[in-house]
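Read the structure below first, then the notes.
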Amino acid sequence: MIEDNVKEILKNMPPDVTLVAAVKYASKAQIGEAITAGVTDIGFNHYQQMKELAPYLPPEIKTHFIGTLQLNKAKKVVNLNPYLIESVDSYKLAEKINNAAREKKIIQKILIQVKTDVKKHTGLEPDELLKLLDQISTLKYLSFEGLMTIPPISEDPEDSRKYFKELKDLKDKAEKHLKKDLQYLSMGMTDDYEIAIEEGASIIRIGRKVFDAL
């Protein structure tokens with residue numbers, strides 16, 4: 001079942017888009033099945049699950065931290081060697097990650113999470129993005145690679161399109177501001193990932209459609 005789900009997603013996905021399997025409720029065995037079926041990137045929402053499962057993943061698998069990251073967990077997550085921390089939404093958090101990366105003598109890749117759902121507490125207000133970019137440019141152990149968002153939940157996936165367009169516009173603004181190309185636009189989940197791809201997503205984060213019998 002998981003194999004069929006993964007193959008169906010990958011078959012209909014452009015080659016330059018990365019599928020991150022969001023493993024919030026998945027078991028070790030299910031994650032193994034997804035990897036066997038062709039998943040190369042695994043997304044963790046919680047530090048505890050990442051701590052328990054990341055050591056068992058094959059070395060070529062890239063891990064992404066995609067959940068809300070508390071300040072007191074930043075160093076612990078960095079120590080688990082994530083390929084990408086996708087949910088940075090403040091200078092304080094960026095600074096904590098930078099300090100942990102400095103101790104490890106690594107450069108940590110991050111995305112900034114932009115708030116498109118006003119009901120959510122997490123995410124950076126869109127009009128604060130350029131200011132945060134200027135602030136984190138002083139942090140030498142971070143590499144800013146792009147943007148992430150979680151739009152409001154809606155019964156109609158088409159409702160997400162305007163938020164995806166907004167994130168793409170913000171990425172364009174950030175690139176112009178920084179005078180460099182950004183690699184990632186992480187947006188789109190089980191119900192709306194096809195629309196996200198149409199609007200320029202380079203990472204889609206899918207849990208239910210990978211691990212559930214839909």
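No lab work stands behind these numbers, since they all come straight from the coordinates. Not measured: the values here are computed from a predicted model. Glycine gets a Cβ as well: all are built from the backbone with ideal geometry, and neighbour counts include every protein chain shown.
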Test item: Cα-centred dipole of the stretch 37-134, Lys/Arg +1 and Asp/Glu -1 on Cβ, debye: 380 debye
Per-residue Cβ contact counts at 10 Å, fewest first, order M187, M13 as M13, M187
For the pair S154 and H177, the simple spin-label estimate (label points 7 Å beyond Cα toward Cβ) gives in nm 2.5 nm
Taking the Cα atoms of the stretch 2-211, what is the range of coordinates along each of the three principal axes, in descending order and whole Å? 45, 38, 31
Starting with the highest mean, order 146-157, 172-183 by the number of other Cβ atoms within 10 Å, averaged over the residues of each peptide. 146-157, 172-183
For a quick check: with amide H placed at 1.01 Å from N, whose amide H comes under 5 Å from M148's, ignoring anything fewer than 5 positions away on the same chain? I112, Q113, V114, S186
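Filter K73/K105; K11/K109; K75/K165; K75/K140 down to the pairs with a C-alpha to C-alpha distance above 21 Å, please.
Listed pairs above 21 Å: K11/K109; K75/K165.
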Could you state the principal axis extents of the C-alpha atoms in the stretch 86-214, from the largest down, to the nearest angstrom? 44, 31, 27
How many angstrom separate the Cα center of the stretch 33-85 from the Cα center of the stretch 120-148? 21 Å
Using only Cα atoms, figure out Rg for the stretch 35-134 and give it as a multiple of 2.2 N^0.38 Å. 1.11
In nm, spacing of pseudo-spin labels at Q30 and D16 (7 Å Cα→C-beta vector): 3.3 nm
